[in-house]
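J.: This is the structure I want to talk about, given as structure tokens.
A short reminder: the numbers here are calculations on the coordinates, not readings from a lab. Just so it is clear, the structure is predicted and the values come from calculations on it, not from any experiment. Glycine gets a Cβ as well: all are built from the backbone with ideal geometry, and neighbour counts include every protein chain shown.
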Ligand SMILES: Cc1cc2nc3c(=O)[nH]c(=O)nc-3n(C[C@H](O)[C@H](O)[C@H](O)COP(=O)(O)O)c2cc1C
């Protein structure tokens with residue numbers, strides 16, 4: 001059994017990135033358990049503050065996680081602040097960064113034609129800086145998300161579905177599992 005943690009970089013109820021999370025969850029190997037981290041409840045990182053309960057819970061979750069799965073929208077050509085803030089918290093776990101060495105993947109959906117290309121490049125750069133064990137391929141960029149994704153988690157794009165299956169298998173193998181067929 002592997003435990004995967006999802007970071008969804010949108011706080012919007014009808015988020016396409018959360019819908020993409022549902023699709024990936026359905027596609028991923030069956031013996032994976034999932035938790036979505038409540039990154040919207042984390043305050044802005046401030047080293048002067050005594051770490052609040054939300055941060056301590058987030059650290060526990062991230063330490064425990066076998067893998068990290070990030071779903072990022074694109075905001076003004078980069079990642080939303082809520083994801084960066086969560087990663088900054090993760091890097092300041094008193095026991096040590098929970099990102100370093102963590103098998104991780106990045107996916108994203110946007111309504112534009114570039115499908116989170118710029119935000120994924122930035123997020124991959126940040127995760128690489130943090131020494132995450134990034135599974136880079138295949139890349140999953142969902143453009144025109146309003147056409148391809150249903151809010152309840154249906155993706156009308158067979159190629160993207162296939163790429164997501166491959167990415168999930170690659171991540172599962174990176175953690176150390178074998179897919180049983
Ligand atoms: C502040 C802001 C900035 C945005 N900037 C971009 C952008 O640079 N590129 C892009 O493709 N879409 C941009 N968008 C559109 C988002 O990709 C679109 O709203 C997407 O649906 C957000 O993801 P979500 O559905 O998961 O909330 C922006 C949206 C917001 C709110």
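J.: Calculate the translational D of the stretch 2-175 in whole µm² s⁻¹ from Stokes-Einstein, where the hydrodynamic radius comes from the Kirkwood formula applied to all Cα pairs, the temperature is 10 °C and the viscosity 1.306 mPa s.
T.: Using the Kirkwood radius from Cα pairs, D works out to 99 µm²/s.
J.: Could you tell me how many degrees, from 0 to 90 and to the nearest 10, lie between the Cα long axis of helix 16-27 and the main elongation axis, the longest principal axis, of the Cα atoms of the chain?
T.: The angle comes out near 70 degrees.
J.: In nm, what is the difference between 0.36 nm times the number of residues separating residue 63 and residue 84 and their Cα-Cα distance?
T.: My answer for the length gained is 5.8 nm.
J.: Now for a different question. Given R₀ = 30 Å, what would the calculated FRET efficiency be for residue 14 paired with residue 50, taking r from the Cβ atoms and rounding to 0.05?
T.: 0.25
J.: Now, a different point. Relative to the first principal axis of the alpha-carbon coordinates of the chain, what is the inclination of helix 81-91, with its axis defined by its Cα atoms, in degrees from 0 to 90 and to the nearest 10?
T.: Here the helix axis deviates by roughly 50 degrees.
J.: Is it possible to state the helix-based mean residue ellipticity at 222 nm for the chain, with each DSSP H run of 4+ residues giving -39500 (n - 2.57), the sum divided by total residues, to the nearest 500 deg cm²/dmol? What is it? Don't jump to the answer; show the numbers that get you there.
T.: Details: 6 runs with 70 residues, N = 181.
Using -39500 (n - 2.57) per qualifying helix, the result is -12000 deg cm²/dmol.
J.: Pairing the Cα long axis of helix 117-129 with the longest principal axis of the chain, what angle in degrees results, from 0 to 90 and rounded to the nearest 10?
T.: Tilt relative to the chain: about 40 degrees.
J.: Taking every DSSP beta bridge with both residues inside the chain, roughly what % is antiparallel (nearest 5)?
T.: Here the share of antiparallel DSSP bridges comes out near 15 percent.
J.: At R0 = 25 Å, how high is the FRET efficiency between residue 150 and residue 117 if r is their beta carbon distance? Nearest 0.05 is fine. Write out the running numbers ahead of the final one.
T.: Details: r = 23 Å, r/R0 = 0.92.
Result of the calculation: an efficiency of 0.65.
J.: Follow-up question, since we're still on this one. Report, in whole Å, the centroid distance computed from the Cα atoms of the stretch 115-158 and the stretch 89-111.
T.: 15 Å
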